[in-house]
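Below you'll find the structure, written out as structure tokens, and then a few comments.
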Amino acid sequence: MRLAISLLFLALPLGAAEKTRTLTNEPYGFEVTVPSAWSVQKVQQDDLDTALDTGTAVMSLGGAGDEVKDPNGFQINAVQMSIKPLPTVIVYAHRKPNQDAEALAKIIEEHLAKWETKPLVRNTSYTVNGMTGLEIEYDVFVPTRIVALFHDGTRYTFHYFVPAGETKWFKKYRKDFDEVVRSFRLVTSTPAR
């Protein structure tokens, strides 16, 4: 019975969930809201475009609680149970004073060209709470969607994927990902970085 109730809660979209929690990253001055049942770790996430440009892996170094020194974001998993594949959202920030949506799109497209593929979605006018950025979606082994918002020299990135590459799970949690992105807000006008 408890399992059935948990699965019902996990099937609800973020807006329909009874309990949510707000995650705050003080060093970069942002918040996002997620369902309370989702698992969260603070992370020090590598810079996406640098990793793509150099061919190195994009890695999250994180742990529970305050174990991560100097966190720039959060790794959020849509379920806490051992359902595989596990939908993942990584929300993080980097100082990028000379970058905009078009420049990041170009870096990602150059990377995708190495795999002889193009974005399935490419929108350099994606807007959340008055901030404009990039929305890009592609499928190279793993369905992936990236939203990057730019404000005062800082890029706030939302990286959504399903590690096992299961399109079914990617589509199922797409609406939840959108709601996490729409919940994004700045809590300070300028990050401390």
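The values are calculated or read from the model by the stated rules, or taken from the named source; none is laboratory data. The structure displayed is predicted, hence computed values, not measured ones. Glycine gets a Cβ as well: all are built from the backbone with ideal geometry, and neighbour counts include every protein chain shown.
Per-structure values
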read-out	value
Selection count, the range 110-130, where residues are closer than 22 Å to Asp47 by Cβ, among the aliphatic types (A, V, I, L, M) and in contact with a Phe, Trp or Tyr (Cβ under 7 Å, 6 or more places away or on another chain)	2
Residue in the range 102-118 that is farthest from the chain's Cα centre (by Cα), counting only those that are small (Gly, Ala, Ser) and either surrounded by 13 or more Cβ atoms within 10 Å (Cβ to Cβ) or at pLDDT 95 or above (or both)	Ala103
Among the candidates Gln99, Gln75, residue that is within 15 Å of the chain's Cα centre (by Cα), surrounded by 13 or more Cβ atoms within 10 Å (Cβ to Cβ) and at pLDDT 90 or above	Gln75
Candidate set from the range 142-175 (those that are aliphatic (A, V, I, L, M) and either free of Cβ contacts under 8 Å to residues at least 60 places away in the same chain or under 20 Å from Thr132 (Cα atoms) (or both)); member that is surrounded by the fewest Cβ atoms within 10 Å (Cβ to Cβ)	Val142
Qualifying position, being free of Cβ contacts under 8 Å to residues at least 12 places away in the same chain and more than 19 Å from Phe30 (Cβ to Cβ), among Glu137, Glu116	Glu116
Residues of the range 26-35 classified as assigned to a strand (DSSP E or B) and buried (at least 21 other Cβ atoms within 10 Å of the Cβ), total	4
Condition met for Val121 (surrounded by fewer than 18 Cβ atoms within 10 Å (Cβ to Cβ), touching a residue at least 24 places away in the same chain (Cβ under 8 Å) and not charged (D, E, K, R))	yes
Top-ranked residue in the range 129-156 [being assigned to a strand (DSSP E or B) and acidic (Asp, Glu); ranked as farthest from the chain's Cα centre (by Cα)]	Asp139
Failed item, numbered, when Tyr138 is tested on (1) touching a Lys or Arg at 6+ places or on another chain (Cβ under 8 Å); (2) at pLDDT 95 or above; (3) of a type outside the set (Gly, Ala, Ser)	(2)
Counted residues, the range 162-184 - those being within 19 Å of Gln45 (Cβ to Cβ) and either out of contact with any strand residue (DSSP E or B) (no Cβ under 7 Å at 6 or more places or on another chain) or modelled with pLDDT under 90 (or both)	2
